[in-house]
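Worksheet for the structure shown next.
The values are calculated or read from the model by the stated rules, or taken from the named source; none is laboratory data. The structure presented is a predicted model; accordingly, all values stated were derived computationally and were not measured. Backbone-built Cβ (ideal geometry, glycine too); neighbour counts: all protein chains shown. Side chains are part of the model used for accessible areas, which takes the heavy atoms of the whole protein and leaves out ligands, DNA and RNA. Shrake-Rupley method; radii C 1.70, N 1.55, O 1.52, S 1.80 Å.
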Amino acid sequence: MQGLVNTLFENIDDAMFDLAEKAENNAAQTLYFDGMRKVRLKRQLVERLFQEQVSKVFNDFANGKLQAAKVEVSAQSSSGDLSLLDDTELEESLAITSTIAKAENRLAPH
């Protein structure tokens with residue numbers, strides 16, 4: 001799983017860099033580069049917490065302690081209204097969705 005986590009962080013870094021290159025102005029570009037820096041700074045913590053949580057879930061599974069998760073899906077925002085995204089928000093959303101889809105695809109049992 002560590003290889004998949006490494007790939008995830010590489011994809012995040014690449015996506016943030018691509019967004020920075022396409023930024024409309026220097027301020028937006030700086031925000032993306034700051035985001036990249038923050039992700040890099042938090043990477044070890046996230047990896048450690050992820051590994052701890054995965055270990056806990058496997059241990060709980062082995063000990064028969066898991067409960068079924070309840071998932072609620074809603075097409076509406078918290079305010080109950082739908083809205084359009086600007087281009088930047090759309091690109092960010094697509095980059096995140098793409099990264100998640102790649103990770104889910106790699107983690108899915110085959």
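Of the residues that make up segment 53-68, is at least one at pLDDT 85 or above, part of a helix (DSSP H, G or I) and among the β-branched types (Val, Ile, Thr)?
Yes, there is a match, as at least one residue in segment 53-68 is at pLDDT 85 or above, part of a helix (DSSP H, G or I) and among the β-branched types (Val, Ile, Thr).
What do you reckon, is ASP34 acidic (Asp, Glu), surrounded by 10 or more Cβ atoms within 10 Å (Cβ to Cβ), over 30 Å from THR88 (Cα atoms) and without any contact (Cβ under 8 Å) to a residue 60 or more places away in the chain? If you could, list the steps in order and put the result at the bottom.
Working: acidic (Asp, Glu): yes; surrounded by 10 or more Cβ atoms within 10 Å (Cβ to Cβ): yes; over 30 Å from THR88 (Cα atoms): no; without any contact (Cβ under 8 Å) to a residue 60 or more places away in the chain: yes.
Answer is no for this residue.
Restricted to segment 5-19, and to residues that are acidic (Asp, Glu) and in contact (Cβ under 8 Å) with a residue 24 or more places away in the chain, which residue is surrounded by the fewest Cβ atoms within 10 Å (Cβ to Cβ)? Talk me through it step by step, then tell me what you get.
Here is the first cut: in segment 5-19, the ones acidic (Asp, Glu) are 10, 13-14, 18.
Keeping just the survivors that are in contact (Cβ under 8 Å) with a residue 24 or more places away in the chain gives 13, 18.
Working: ASP13: 15, ASP18: 12.
Here the answer is ASP18.
Just to be sure I understand the filter: pairs with C-beta atoms under 7 Å, separated by 6 or more residues or on different chains, first member in segment 88-110 and free of Cβ contacts under 8 Å to residues at least 60 places away in the same chain and part of a helix (DSSP H, G or I), second member of a type outside the set (Lys, Arg) and open to solvent by 50 Å² or more (accessible area, probe 1.4 Å). Which pairs pass?
SER93/LEU85
Run down LYS22, LYS42 and say which single residue is open to solvent by 70 Å² or more (accessible area, probe 1.4 Å), over 17 Å from the mean Cα position of the chain (by Cα) and either of a type in the set (Lys, Arg) or modelled with pLDDT of 95 or more (or both). Before you say what the answer is, go through the steps one by one.
Numbers: LYS42 fails: over 17 Å from the mean Cα position of the chain (by Cα).
That would be LYS22, the only listed residue that is open to solvent by 70 Å² or more (accessible area, probe 1.4 Å), over 17 Å from the mean Cα position of the chain (by Cα) and either of a type in the set (Lys, Arg) or modelled with pLDDT of 95 or more (or both).
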